[in-house]
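Only one structure is covered here, and it is reproduced in the block below.
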Amino acid sequence: MTLPKYFSGSSKTDPKPVHHSATALLSALLSVAEHDIIPKMRQGVADGNQAFAAAVLSQGDLAPVTVSVNKAVESPLLHGETSCIRDFFADPDHPPSRECIFLSTHEPCSLCLSGITWTGFQVVYFMFTYEDSRDLFGVGRDIDILEEVFRVKAPGDDEESLKGRALYNKKNRFFAAKSMWELLDEVEGEEERKKWRTEVDRVRELYREFMISTP
Ligand SMILES: [Zn+2]
């Protein structure tokens, strides 16, 4: 992927993409979601912050590099993702963002999609979709903002066709974003897929303690 010069994550020579199987990715992402994010998020929520978090993993060995939680008490702009981006770049030894994987507990909002874009992360995964955030966590702002601020009628569009349009480009020149369900679809073999679906369900269920409690 060649990106424009103004883009902070660009480089003259992009690294060779590291290929991991869908199961290796799921295993790493779910482990970070369970063992690294949840304890921090529990503390963050106890401190009055919202139940959202993000992590950066090294693309090479899939180990967590940065794990951060929402810090809305400090600033309403510090969502899980923007908080994580700030912490990632605060470490002078951080690896290049283009060599990392970005994990969001919840599908990134418009602010965080922009933050991810501007900071050069090219691979994004998330555990709960916008619809999950609305239905399970009582948070419908992501969809509202994208629809109200960013969605523009094209010539010939009516309300129906406008509603049917995707809210953003999940795969674009800057990044590719996938839900864990989409990643599950890439697992080969029905039995294996079933096994991993149970695992995704189990870890998602661990987030139940934060559901509907988000202000
Ligand atoms: Zn956000």
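Summary table
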read-out: Cross-link pairs beyond the 28 Å C-alpha cut-off, checked among K71/K153; K171/K194; K40/K171; value: K71/K153; K40/K171
read-out: Rg and Dmax of region 127-215, Cα atoms only, in Å; value: 16.4, 47
read-out: Stretchable slack from D91 to L206, in nm (0.36 nm times residue separation minus alpha-carbon distance); value: 38.4 nm
read-out: FRET efficiency, S75 to E192 (Cβ-Cβ, R0 45 Å, nearest 0.05); value: 0.60
read-out: Computed FRET value (nearest 0.05) for D144 with R42, which takes r as the C-beta separation and R₀ as 30 Å; value: 0.65
read-out: Theoretical gain in end-to-end length, K153 to L167 [0.36 nm per residue, Cα-Cα removed]; value: 3.8 nm
read-out: Estimated dipole of region 66-151 in Debye, rounded to 20 [Cβ of Lys and Arg +1, of Asp and Glu -1, Cα centre]; value: 140 debye
read-out: Rg over Rh [alpha-carbon atoms, Kirkwood Rh] for region 22-210; value: 0.97
read-out: For region 15-67: rounded, prolate or oblate by the Cα gyration tensor [a/c cutoff 1.5]; value: prolate
read-out: About the Cα centre, charge dipole magnitude for the chain (Lys/Arg +1, Asp/Glu -1 at Cβ), debye; value: 540 debye
read-out: Calculated [θ] (222 nm, deg cm²/dmol) that DSSP helices of n ≥ 4 give over the chain, each run adding -39,500 (n - 2.57); value: -10500 deg cm²/dmol
read-out: Dipole of the chain [Lys/Arg +1, Asp/Glu -1 at C-beta], most positive-end residue of H19, G120, L146; value: G120
read-out: Loop-located GluC sites (Glu not before Pro) in region 126-215, at most 14 other Cβ atoms within 10 Å (DSSP); value: E186, E188
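Each value in this text was obtained by applying a stated rule to the coordinates, not by laboratory testing. Keep in mind the model is a prediction, meaning the values are calculated, not measured. Positions of Cβ are backbone-derived with ideal geometry, glycine not excepted, and every protein chain shown enters the neighbour counts.
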